[in-house]
1. Quick query: amide H of VAL26 versus all other amide H atoms, modeled in the peptide plane; which residues come in under 5 Å with a sequence gap of 5 or more or a different chain?
2. Would you mind calculating the gained length between ALA37 and GLU12 on full extension (0.36 nm times residue separation, minus the Cα-Cα distance), in nm to one decimal?
Amino acid sequence: MGPRLYFQRVPEGKVVKNRVHLDVRVGTGLVGEERLAVLEAECARLVALGAVRVRLLPADDENESCIVMQDVEGNEFCLD
């Protein structure tokens, strides 16, 4: 099976730029350091292709870590 897209509706509007935000699932089923290692490896691969790493959102009580990135046109997406 190839990549799947998930579009999440939110009640608030975005004040600037893209209204569609993609979460690219690369660490499904993984947690902690193992998950972070997979996210970092995919981040490095995408950076080599021209993407930009914006920031790491660390895990909290409700969510696992994810990495916010931008594609070559500046569109934000998350490695999740």
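1. Sorted by chain and number, the residues that satisfy this are ASP80.
2. Values: separation 25, 0.36 × 25 = 9.00 nm, distance 3.25 nm.
Here the segment from ALA37 to GLU12 would lengthen by 5.7 nm.
None of the figures in this text is laboratory data; all of them are computed from the coordinates on show. Predicted model, so just to flag it, every value in this text is computed and none were measured.
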